[in-house]
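Down below is the structure, laid out as structure tokens.
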Amino acid sequence: MDEKLQEDSLDARLRDEAPYIDDAGFTARVVQKLPARQVRRSYRAFLFLAITLAACFAAYWFAGGTSLAIDAYTNMAMMPVTWMWVCAAGAALLVMAGGLAAALSRSRGRSR
Amino acid sequence: MALADADLVARVLVDDDHHAFAELVRNHQSSVRGLLRNLVRSDVTLADDLAQETFLKAYKNLRSFRGEARFSTWLYRIAYNCFREEARKRKELVGIDEAQLEAEHDPQTVDPALRHDLARALELLPVHERSAIVLCCQNGLSHDEASRVLDIPLGTVKTNVLRGREKLKKMLSAWGSN
């Protein structure tokens, strides 16, 4: 019985005598040493979009500008309706696939 | 409302949120620094350096935290590995002077001017017993969790806790402080 009491009192002392260590700037020092934050995804996406738009504009400009747009409009107007539907469905599928991929990668990041 | 460790970890992983990581450090700094102070025998500067290294390693390897164990257990494991790496360089962190330990058991040789307390008794234990006692009795880990932190079999943890306790009791009774 004495043995048990002694053991309990030792355990209690071990627990009680473990002091709470005051932060005293420790957290700030750790955070200061963290590697710089990665470029945010939204910023990267914006950059990617800007480069794509600039490339499109350059292609449009060097390919003859206005005449290219008129030719494209005429070609599309002459396109059979079935083809128009196929193109629209293809574009919709592409957008859906992109959205799905983004959602999946985000949910994977959260579950880790 | 304070966020749970899992939410803070998710924020760090998804948004690289330094504020969330700072919250994790604030929540666990005391126990990690306390563990390391016990392991390095109260060398506060070295313990804090190792604690800093522990949190930086935790940040870099956060993706490998699967959430199967408690976040604190995972941190203790990193802290213990940091200590082991340091102990390989400094033998005095692991070694124990057996003659000194015997002298501490003998009430005739105890220096009455010294304040002999539990912390001093803990310092005199060999590192494997000290780490098991600190993790299980001070930090509240189960034997199973401690065996994962220390990377030793469960039976060895139980033996180390038992032997460490016996030695502590002997020392404290020899000093008349229990």
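The values are calculated or read from the model by the stated rules, or taken from the named source; none is laboratory data. As the structure is a prediction and not an experimental result, all values here were calculated from the model. No Cβ is skipped: glycine too gets one built from the backbone with ideal geometry, and neighbour counts run over all protein chains shown.
None of A:86, A:95, A:30 is of a type in the set (Val, Ile, Thr), more than 24 Å from the chain's Cα centre (by Cα) and over 30 Å from residue B:36 (Cβ atoms) except A:86. Scanning the range B:27-41 for residues that are at the interface with chain A (Cβ under 8 Å from one of its Cβ atoms), within 9 Å of the chain's Cα centre (by Cα) and not basic (Lys, Arg) yields a single hit, B:34. Note on the range B:20-60: residues that are part of a helix (DSSP H, G or I), closer than 25 Å to residue B:125 by Cα and aliphatic (A, V, I, L, M) amount to 9. Residues that are part of a helix (DSSP H, G or I) and over 24 Å from the mean Cα position of the chain (by Cα) within the range B:1-19 comprise B:7, B:10, B:11, B:12, B:13, B:14, B:15, B:18, B:19, listed in sequence order. Within the range B:67-85, is there a residue that is under 22 Å from residue A:21 (Cα atoms), more than 13 Å from chain A (Cβ to nearest Cβ), at pLDDT 90 or above and part of a loop (DSSP other than H, G, I, E, B)? Scanning the range B:67-85 turns up at least one residue that is under 22 Å from residue A:21 (Cα atoms), more than 13 Å from chain A (Cβ to nearest Cβ), at pLDDT 90 or above and part of a loop (DSSP other than H, G, I, E, B).
Within the range B:28-76, the set of residues being free of Cβ contacts under 8 Å to residues at least 12 places away in the same chain, surrounded by fewer than 19 Cβ atoms within 10 Å (Cβ to Cβ) and among the basic types (Lys, Arg) comprises B:60, B:66.
What helices (runs of 4 or more DSSP H) lie completely within the range A:10-106 and have 2 or more residues being at pLDDT 90 or above? So the answer is A:26-32, A:41-62. Criterion applied to B:99, B:121 was being modelled with pLDDT of 85 or more, in a helix (DSSP H, G or I) and either assigned by TED's automatic domain parsing to the domain that holds residue B:37 or small (Gly, Ala, Ser) (or both), and the one residue passing it is B:121. Scanning the range B:3-26 for residues that are within 8 Å of chain A (Cβ to nearest Cβ) and among the small types (Gly, Ala, Ser) returns B:10, B:22.
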